[in-house]
Amino acid sequence: MKLPLLGTLIAGGLATLDATPVAQTLASQPLVTATLLGALWGDWSTAMAVGTVLQIMAASTLPIGARTPEDYAIGGVVGAGVALTIASQAPYEQVRQAASLVGVLAGFVAATAGVPLLRAQRRWNEGLARWCEAELRAGREGALSQVHVAAIALAFAIGLAHCGVWLGIGGLLAPHVARESLRLAGAWHLLQPLWLGFGFAQLLHAFVQRRIERAGVFAAALVGAWLVIVAGGP
């Protein structure tokens, strides 16, 4: 297995860990994971183009009431990973732009598909918690560390497997994307202003509500978009 593919799979597992039982930092945000994957694959502009759009969408997703929000931690890795997988097989500018569009769409679908996985993971964790309580009542104190390890291993495996499925789909789609690259690249150019306009609206909303952290994420996303779209990236 190629190192970039292996690194992307590991990133999927780590992003799922960061978003659920471990750490819960900003490291699992699409803009962060896309930057790391861009460096790993040697294609920063494609990764950032996808990560910017997915970051804008992720920051606008709120867990309202009992609603489970879309899993943009894995969606960000999947989107950038799929785009980079396709672009690496035909490294032409129009193919990279077409791959960016397909990567964004894959990230959307993966984030949405991650909702039932998150719910299932919560049920499995609840089962582990009940087992741990029973073991502790029986005087087996080692059950606490065992259940922690099991929850971490479960989250990592889910993220790795989910990412692996989408990378496989990306590899299968690569020839079709290359054939339709002109049309897909045109659609990518048409959609960019809509995504950036939505991000700008979210940035203003975050400042009005004095959510400085969220506003900073949006600002970074928009700066990255400007570099990729206007300046063409490094």
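Might you let me know whether region 199-211 holds any residue that is at pLDDT below 85 and touching a Lys or Arg at 6+ places or on another chain (Cβ under 7 Å)? Within region 199-211, one or more residues are at pLDDT below 85 and touching a Lys or Arg at 6+ places or on another chain (Cβ under 7 Å).
Residues that are at pLDDT 85 or above and over 11 Å from the mean Cα position of the chain (by Cα) were ranked within region 48-79; the one that is nearest to Leu17 (Cα to Cα) is Met48. Residues in region 91-133 that are hydrophobic (A, V, I, L, M, F, W, C) and closer than 23 Å to Leu184 by Cα: 12 in all.
For residues in region 6-16 being under 17 Å from Ala58 (Cα atoms) and out of contact with any Cys (no Cβ under 6 Å at 6 or more places or on another chain), which is modelled with the highest pLDDT?
Ala15
Among all residues of region 12-19, there is at least one that is out of contact with any Gly (no Cβ under 8 Å at 6 or more places or on another chain) and not polar (S, T, N, Q). For region 50-61, a residue qualifies if it is under 13 Å from Leu36 (Cα atoms) and not β-branched (Val, Ile, Thr), and exactly one does: Gly51. Which one of these is surrounded by 23 or more Cβ atoms within 10 Å (Cβ to Cβ) and not hydroxyl-bearing (Ser, Thr, Tyr): Val115, Val77, Val32, Val109? Going through Val115, Val77, Val32, Val109 in turn, just one is surrounded by 23 or more Cβ atoms within 10 Å (Cβ to Cβ) and not hydroxyl-bearing (Ser, Thr, Tyr): Val77. Confirm whether Ala153 is under 21 Å from Ala120 (Cβ atoms), surrounded by 14 or more Cβ atoms within 10 Å (Cβ to Cβ), free of Cβ contacts under 8 Å to residues at least 12 places away in the same chain and within 23 Å of the chain's Cα centre (by Cα). Against the criterion (under 21 Å from Ala120 (Cβ atoms), surrounded by 14 or more Cβ atoms within 10 Å (Cβ to Cβ), free of Cβ contacts under 8 Å to residues at least 12 places away in the same chain and within 23 Å of the chain's Cα centre (by Cα)), Ala153 does not qualify.
Gln192 satisfies every condition listed in (1) modelled with pLDDT under 85; (2) part of a helix (DSSP H, G or I); (3) loosely packed, with under 13 Cβ neighbours inside 10 Å except (3). All conditions in (1) small (Gly, Ala, Ser); (2) modelled with pLDDT under 85; (3) surrounded by fewer than 13 Cβ atoms within 10 Å (Cβ to Cβ) hold for Ser145, with the sole exception of (2).
Just checking, does region 119-137 include any residue being under 14 Å from Gly13 (Cα atoms) and either surrounded by fewer than 16 Cβ atoms within 10 Å (Cβ to Cβ) or not aromatic (Phe, Trp, Tyr) (or both)?
There is at least one residue in region 119-137 that is under 14 Å from Gly13 (Cα atoms) and either surrounded by fewer than 16 Cβ atoms within 10 Å (Cβ to Cβ) or not aromatic (Phe, Trp, Tyr) (or both).
The values are calculated or read from the model by the stated rules, or taken from the named source; none is laboratory data. These figures come from a predicted structure and were not determined experimentally. When we count neighbours, we look across all protein chains shown, and the Cβ atoms used for this are built from the backbone with ideal geometry, even at glycine.
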